[in-house]
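Comments concern the structure below.
The values are calculated or read from the model by the stated rules, or taken from the named source; none is laboratory data. Model, not experiment: these values are computed from the prediction. Here the Cβ positions follow ideal geometry from the backbone for every residue, glycine too, while neighbour counts run over all protein chains shown. The accessibility values were calculated without ligands, DNA or RNA, using every heavy atom of the protein model including side chains. Shrake-Rupley method; radii C 1.70, N 1.55, O 1.52, S 1.80 Å.
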Amino acid sequence: MPQPTEAPDPPDELVGPLERGLAVLRAVAAGPDVRHRPGDLARTTGLARSTIDRVATTLVRLGVLRTEGRDLLLAPGAAGLGNAYLASCGLPELLGPHAVALADALDESVSVAVPDGDGVRFLTQATRRRAMAISFRTGDLLPAERCAPGALFAARWDAADLERWRARRAKDPLDAGFPSVPPRPSSPPDPVEAEFLDRVREARTTGIAVDDQLIEPGLLAVALPVRGPDGAVVCAVSVVSHTSRHSSASLAEQALPPLRRAVTAMEGALEGATAVTATDGAPGASPAASAPGLKEELGSGFLQSLARGLDVLRAFGSVRGPARLSELARLTGLPRATARRSLITLRHLGYVREESDGFTVLPRVLELGYARLSGLSLPEIATPHLVALVLRVHESASVAVLDGDDIRYVARVASTRIMHIDITVGTRLPAYATSMGRVLLGALPAAERAERLGRITPEALTPRTVTSREGLDEAVTATAVRGYGWVEQELEEGLRSLAVAVTDGAGRAVAAVNVALHAGRGTPEESLAALLPALRETAGLISADLSSVGRFSRVSPG
Ligand code: PHB
């Protein structure tokens, strides 16, 4: 059955601030604009300007929104809400590896999608994008009638579901409410419904659905349902191709046998997973984010019941499958009555469902910014934090990744001070002579580190550059031991640089962040004392964002 939409009678126990907070978050997430003026949000949500301000203060403090000047934007912390659904349903973790294996075997894109009302929500994609203009992100919503999985899900609709679908189409015939698909060219004539119902009938009879260019010219897909241990359809797996390589018939012929085997393996994975119920302490599961101190710190500007409601939502991420009220209360440290009121509100808004075995978080949660955030790259995540760091320390700051024997700059914010060295995004510098390079080399497994250091032939870029094998080895080891990189005029005369690691959710150093300054600015000790705490804080914030966004999506290094 499709997910229930809004309950007909709003229960009187709804938590108003949670309801309003989620309305604001939805409005910020909906796009197409990335930046939102509070006044515009008041107009789109119908809320008072003073309410918008209090909601914004709260959501900014919780890391769900951020500000740039007077504008409000989504912050990577909002991905934690979608992560709760993705962890709780277990589908990316259980089915993702099978989707990747199928994509490798067929050399075509493979995606997993779930029903969400009368739409289809994408959860994972193993991508081989070639001739296609379009690419979906985790969390994107498609109209059921414009993709292969939709026909499979609609095969189980009842008359009321079909009526809801018709009403949506009558209200939005051009699919403006689905920003991830190209709009229909004009008000479509009625065959849309007849054709969809044909495909639904076919899907019901054959158990297969085909998309022959429903989204855009050239795009083909064939999909099969995946059933849970109770026989109910949980999601659909699609193999996606292009008319330059296949007709819909040849795609089905080639893809169906391996697709069927993948579905069998996926159903086995779902079956095996029912034994696991609690994934307590799973990485990224961070309930109690609304630390008690915030209310005291921010007073009436902080909406505690909004913060608590989001805690309840995030707590689902620590439980695989349905969660009991008592469990959610324990995980959040909230009284049962408080957690229950949040759950009633979340149920009313279509974000959770209540059944005899407890509450289940629903894919609609992904509408709260997940799709947009899952598309962020490392530079996009890092830059706002670099801006804040530069404002604080008045020196230039950058993020770089290891690329062969070099570091490559992927984000940079320059201070207004004049520097000798002219670095822009894309600049490559030898890893051995830079603080960021030493951090990244120092984080490599011992054998790889030795292999890399053994391969390079260091050059004396200044009289101070460490060039001996032993000297470099020592410098890199010392960097790893003390947890920061320090390079004093080894790359360029007069240039001092301090760096620390940026880690992903698994604790791997995937990048480094540095502050570079003129060596004449103070003694090394003074620079270290003035800069290291701020630099570490910045690295911590970037790493936390990376962990939220990257938990179920690949973050491009830029
Ligand atoms: C996709 O994963 O991009 C996809 C899946 C099914 C479709 C179309 C596209 O019908």
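Annotations for the structure displayed:
- Of Ala433, Leu535, Ala480, farthest towards positive along the dipole that unit charges on Lys, Arg, Asp, Glu beta carbons give segment 378-549: Leu535
- Between segment 488-546 and segment 47-118, the alpha-carbon center distance in angstrom: 30
- Take every Cα pair under 8 Å whose residues are at least 6 apart in sequence, average their separation, divide by the length of the chain, and the relative contact order is 15 percent.
- Sorting the segments 338-347, 230-239, 78-87 by their residues' average number of neighbouring beta-carbon atoms within 10 angstrom, most packed first, yields 78-87, 338-347, 230-239.
- The residues of the chain expose on average 42 square angstrom of accessible surface per residue, using a 1.4 Å probe on protein heavy atoms.
- Simple Cβ-charge dipole of the chain, Lys/Arg +1 and Asp/Glu -1, about Cα centre, in debye nearest 20: 720
- Measuring r between the beta carbons of Leu174 and Arg35 and using R0 = 30 Å, the FRET efficiency lands at 0.75.
- In degrees, nearest ten, helix 304-315 long axis to first principal axis of the chain (Cα): 80
- Ligands, DNA and RNA left out, the 1.4 Å accessible surface of the chain is 54% carbon and sulfur atoms.
- Annotation: peptides 193-206, 393-406, ranked by per-residue average of other Cβ atoms within 10 Å with the highest first, follow the order 393-406, 193-206.
- Ordering of 506-515, 143-152 by packing is 143-152, 506-515, highest average first (other Cβ atoms within 10 Å, averaged per residue).
- Projected area, mean over directions - the chain, Cα convex hull, nm²: 28.3
- Dipole in debye (nearest 20) - segment 411-475, about Cα centre, beta carbon charges: Lys, Arg +1; Asp, Glu -1: 220
- Label-point gap, in nm, between Leu256 and Leu528 - each point 7 angstrom along Cα→Cβ: 6.9
- The chain, helix-only ellipticity at 222 nm - DSSP H runs n ≥ 4, -39,500 (n - 2.57), divided by all residues, nearest 500: -14000 deg cm²/dmol
- Long-range Cα-Cα pairs in segment 378-549 (distance over 30 Å), rounded percent: 10
- About the Cα centre, charge dipole magnitude for segment 378-549 (Lys/Arg +1, Asp/Glu -1 at Cβ), debye: 180
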